[in-house]
C-alpha cells in the first residue's frame, strides 16, 4: 500500500518509559516527539540505571497519564494513583526515583543478551537518547501498520502511530507528511525482550513473538522517525 493510502488508526503516548500509556485523538508533535511521550522514567536508585520492563516486567502492569500540572499520574495495579518515589519503591521492592526529562545526565539501560535463557543470560547496557527517554535519537516517533502487526496485540510494540494497511518499511530514508507534521523516517526499529512481556489487560508472556520477528523480519518491527516540522496529528490523518 502506498504511503498516501495509509491513515492513522490510533495515537499513543507513554508518559513514563515502560509503563502502559494513553490513547489520544490528536496530539502535537515536536522535535522531541509526541507531546507528553516518554517525558518521565524510573531509575534504580542504587545502580543509576534506567529501569525498564526488560529488567522489571511488572512495570507493564502500571499505567501513566500526563497531568495538567506538567507532571504525571501513575496508576498502580491496585488502582492507587501516585508519583511518590517512596510509594513506587515499595511497589517495586527496590529503591527507585521518578525523573523528568531534561536533565543532562547519561541514560543507561539494560537488555538481556539471550532472551531465550534470560535467567542465566548476561545483560548488555546501552545509552539512550538525550531529552525525552527514547532508546534512540533517530526514533522520536515510531510508526507501525496493521499488516505488520498481524494477529499480535499492538500494545506489545509501544508504537506512537498505528496505521492501517502496510508499507512502512519501504519509507525508511524518505520524508513524509502526517497531519500538519513532517517526519524523516530514519530507521527500522530492532526489537527486544519487551515484546514478549506480559502486561495488564490480558497480554500473556510469549517468546514466539520475538522469535518470529528475529526469524522473519531481521529483528525489526516498526519504523522510527525524527521530526522535520512540528505539527498536530489527528486520528484519520493520511500519511503522504
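Being farther than 29 Å from residue 32 by Cα and in a loop (DSSP other than H, G, I, E, B) is the requirement here; does residue 106 meet it?
no
Go over the candidates 169, 180 one by one and state the one that is over 20 Å from residue 33 (Cβ atoms) and surrounded by 14 or more Cβ atoms within 10 Å (Cβ to Cβ).
Only one candidate qualifies: 169.
Could you tell me which residue of segment 195-208 is surrounded by the fewest Cβ atoms within 10 Å (Cβ to Cβ), considering only residues that are over 23 Å from residue 172 (Cα atoms) and in contact with a strand residue (DSSP E or B) (Cβ under 9 Å, 6 or more places away or on another chain)?
Among those residues, the one meeting the criterion is 201.
Quick test of your reading of the structure: residue 133 fulfils all but one of (1) out of contact with any helix residue (DSSP H, G or I) (no Cβ under 8 Å at 6 or more places or on another chain); (2) free of Cβ contacts under 8 Å to residues at least 40 places away in the same chain; (3) part of a loop (DSSP other than H, G, I, E, B). Name the failing condition by number.
(2)
Is there a residue in segment 68-79 that is surrounded by fewer than 17 Cβ atoms within 10 Å (Cβ to Cβ), touching a residue at least 60 places away in the same chain (Cβ under 8 Å) and in a strand (DSSP E or B)?
Taking every residue of segment 68-79 in turn, none turns out to be surrounded by fewer than 17 Cβ atoms within 10 Å (Cβ to Cβ), touching a residue at least 60 places away in the same chain (Cβ under 8 Å) and in a strand (DSSP E or B).
Being closer than 16 Å to residue 220 by Cβ and touching a residue at least 12 places away in the same chain (Cβ under 8 Å) is the filter here, so list the residues in segment 144-153 that pass it.
144, 145, 147, 148, 149, 152
Rundown of residues vs (1) under 16 Å from the mean Cα position of the chain (by Cα); (2) over 19 Å from residue 118 (Cβ atoms); (3) in a loop (DSSP other than H, G, I, E, B); (4) without any contact (Cβ under 8 Å) to a residue 40 or more places away in the chain, yes/no style:
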residue	(1), (2), (3), (4)
177	no, yes, no, no
183	no, yes, no, no
186	no, yes, no, no
189	yes, yes, no, no
201	no, yes, yes, no
208	no, no, no, yes
213	no, no, no, yes
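Rule-based calculations on the coordinates, nothing more; no lab input. Please read all numbers here as calculations on a predicted model, not as lab measurements. Glycine also receives a Cβ, built like all others from the backbone with ideal geometry; neighbour counts cover every protein chain displayed.
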